[in-house]
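First the structure, in the form of structure tokens, and then the observations on it.
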Amino acid sequence: MELLNNLGLGFETAFTPINLLFAFIGVALGTAVGVLPGIGPTATIAMLLPITFGFEPVTSLIMLAGIYYGAQYGGSTTAILINLPGESSAAVTALDGHQMAKQGRAGPALATAALGSFFAGTVGTLALALFAEPISRAALLFGPAEYFSLVVLGLIASIALASGSVLKALAMIVLGLLLGTVGQDLYSGTPRFTFGMRELYSGLNFVSLAVGLFGVAEILRNLEGDITRSVMVQKVKNLWLTKDDFRRIRGPVLRGTGLGTALGVLPGAGHVLASFVSYSVEKRVSKRPEEFGRGAIEGVAAPESANNAAAQTQFVPLLTLGLPVSPIMALLLGAFIIQGIVPGPSVIDDEPELVWGLIASMWIGNFFLVLLNLPLIGLWVKMLTIPYRVLFPAIIAFASIGTYSIALNAFHVYAIAFFGILGYVLIKLGNEPAPLLLGFVLGPLLEEYLRRALIISDGDPSVFVTRPISLTLLILAAAAFAIAVLPSVRRKREVVFEEED
Amino acid sequence: MSMHGARKDLLAGAVFVIFGLAFAITSSTYEVGSALRMGPGYFPLVLGSVLVLLGILIAVKGFVAGDTGELGPVPWKATVLIVAALLFFGFTVRGLGMVPSLLVAVFLTALAGRNARVIPSAVIAASLTALSILIFVIVLQLRLPYFGPWLG
């Protein structure tokens, strides 16, 4: 009954007033940025990272994690009410959710999304609690060679699941890895690519990079054209579901939750993929597939459950292996490192309060989210009337202050401008920003494991293929790459991601 | 196949080639070492070369396929204003203090909006500065002086 003891410890940690408060603040902020198109959880977490430095590690992570899964709830509200996904994984929800809203059934659609999300979030959290310990145990056997191969697998798999050109995604990863090498070399202390600037000795600041790439570049994209939001926000009424509705969503919620839980651990956009896959599964098993796209409640229940389950299980690789599978997990990894904790398999033993407290807080956070999103739905709908011309200066203001406050160093603010421009140019030329951030965060780890493995093996590169676990991971990476470039899979990916646009 | 259509991939390839070359050339000035004892230059030299290669492949592929669509409009005014705002904030936040520095930076940013006008932008700047003080200085207790030594 070790699991129960662990969960007990977790709830004890999560139920302290300060942690409850910050779990609440996190999910409320998350809902807000999920609702608002034009600002997402990635930029928000990047902006808020600096101000959590002074917090206890567990409090800081509880809040930042809350922003992430809170945004999954908020995103569906915008998708349903104004047919604009506030968050990318809510794109599928918009298909049927908005049709339901048009037919005057916005209330049941929102209720389905919230209840499905809550159920899925609970199951996802439980899965995280169940798998965290065994995976950490297994990973303790990993040496540098295994870790090197694991990081390679993570990076390659993230391409396989991304949209767009494989070559470009690969190039973005390599560019990210290179940007990650800026700063003093770990072994020799030689400053690399610093051009004599002392500020660069400790490397490029990753808050600046994330804010520039996901905040400023996104603002510039949005300012290209008119953002006109036709907010035809009618009063949302009749939030409760009928007996018939309940009967119809039972299956989709269960299947969506299962798919989401499993797909969430995959690197790349696991939660986006989960919502797409569960939608097409429902369409296939439904007796009335013609209703999909015309306001089928199953089309809201399945993807919403899937993306929330995935949002929780995304934490499995982060907490057990120290491997982030998405940009947001990369930011949370940064939060761990800033707090002086090196994420990896030993974290669960060294910092049990942190890991179990975080897991327990997710269940509490999901509970808050149901309260926030059902009775208080009107509040969030009002937020949709905040015009973009107020929103983007706020993003710039908060980003500047937050980044400056890390070290009271203006250099980090200049770096936002640099990465904003770089990010805008790269996105404009058809590159996804996410692989770059993953590469940047994983780059130093990749180099360290590579060099350490080779030092241990006396420079024999065969160490990566003679150790069985390392070999298996590399074979999986090769398979993931092959799958990504196979023509038939490429076509399918294009279809899936085209629906997103 | 038109040159115009392929421009996006050609440019993307060019950007990667430039970055790859810059990193590769600079890292060759560090001690490169061997696979057994990798010097600080080894890893970035290899990656820089890979990036050059990928850049060339992307450009060639774009040239052959040739239909990657238009670049679309670029918000030049917004880009200049937002960069100016960030640089101004970084340059003056210590000397002028948080209040005047943020006020000007947010004002510049707000002007970047489409059809932005001066007075509404000033109102946005004033309200967001007040909100930032409330959040960062009063609630979160960050040590950022309101006014700096340049004004004293």
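Within the stretch B:95-116, being more than 7 Å from chain A (Cβ to nearest Cβ) and either in contact with a Ser or Thr (Cβ under 9 Å, 6 or more places away or on another chain) or surrounded by fewer than 19 Cβ atoms within 10 Å (Cβ to Cβ) (or both) holds for B:GLY95, B:MET98, B:VAL99, B:PRO100, B:SER101, B:LEU103, B:VAL104, B:PHE107, B:LEU108, B:LEU111, B:ASN115.
Listed here are the residues, each with its yes/no results for (1) among the aromatic types (Phe, Trp, Tyr); (2) touching a helix residue (DSSP H, G or I) at 6+ places or on another chain (Cβ under 8 Å).
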{"position": "A:ASN5", "(1), (2)": "no, no"}
{"position": "A:PHE22", "(1), (2)": "yes, yes"}
{"position": "A:GLY26", "(1), (2)": "no, yes"}
{"position": "A:PRO50", "(1), (2)": "no, yes"}
{"position": "A:GLY54", "(1), (2)": "no, no"}
{"position": "A:MET63", "(1), (2)": "no, yes"}
{"position": "A:TYR73", "(1), (2)": "yes, yes"}
{"position": "A:ILE80", "(1), (2)": "no, yes"}
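Residues that are surrounded by fewer than 22 Cβ atoms within 10 Å (Cβ to Cβ) and either within 7 Å of chain B (Cβ to nearest Cβ) or over 20 Å from B:PHE89 (Cα atoms) (or both) within the stretch A:422-444 comprise A:VAL425, A:ILE427, A:LYS428, A:GLY430, A:GLU432, A:PRO444, listed in sequence order. The set of residues in the stretch B:23-76 that are facing chain A (nearest Cβ under 9 Å), open to solvent by 50 Å² or more (accessible area, probe 1.4 Å) and part of a helix (DSSP H, G or I) comprises B:TYR42, B:VAL50, B:LEU57, B:LYS61.
Filtering the stretch A:23-39 to residues that are buried (at least 24 other Cβ atoms within 10 Å of the Cβ) and farther than 30 Å from A:GLY225 by Cβ leaves A:ALA23, A:GLY26, A:VAL27. Among the residues making up the stretch A:169-202, a single one is of a type in the set (A, V, I, L, M), in contact with a strand residue (DSSP E or B) (Cβ under 9 Å, 6 or more places away or on another chain) and closer than 22 Å to A:PRO435 by Cα: A:VAL182.
Residues are listed down the side, and each one gets a yes or a no for (1) open to solvent by 10 Å² or more (accessible area, probe 1.4 Å); (2) of a type outside the set (A, V, I, L, M); (3) free of Cβ contacts under 8 Å to residues at least 40 places away in the same chain:
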| position | (1), (2), (3) |
| --- | --- |
| A:THR181 | no, yes, no |
| A:GLU199 | yes, yes, no |
| A:VAL207 | no, no, no |
| A:GLY215 | no, yes, no |
| A:GLU218 | yes, yes, no |
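Filtered by the rule that a residue be open to solvent by less than 40 Å² (accessible area, probe 1.4 Å) and either outside any loop (DSSP other than H, G, I, E, B) or among the aromatic types (Phe, Trp, Tyr) (or both), the stretch A:384-394 gives A:TYR388, A:LEU391, A:PHE392, A:PRO393, A:ALA394. Of everything in the stretch A:337-351 that is open to solvent by 40 Å² or more (accessible area, probe 1.4 Å) and in a helix (DSSP H, G or I), the residue that is farthest from A:LEU319 (Cα to Cα) is A:ILE338. The listed residues are B:GLY113, B:GLY95, and the only one of them that is outside any loop (DSSP other than H, G, I, E, B), farther than 23 Å from B:ILE18 by Cα, outside the structural domain of B:PHE16 (by TED's automatic domain parsing) and at pLDDT below 95 turns out to be B:GLY95.
The values are calculated or read from the model by the stated rules, or taken from the named source; none is laboratory data. Here the structure is a predicted model, which means the values were calculated and not measured. Neighbour counts run over all protein chains shown; Cβ positions are idealised from the backbone, glycine included. With ligands, DNA and RNA removed, areas are computed over all heavy atoms of the protein, side chains included. Shrake-Rupley method; radii C 1.70, N 1.55, O 1.52, S 1.80 Å.
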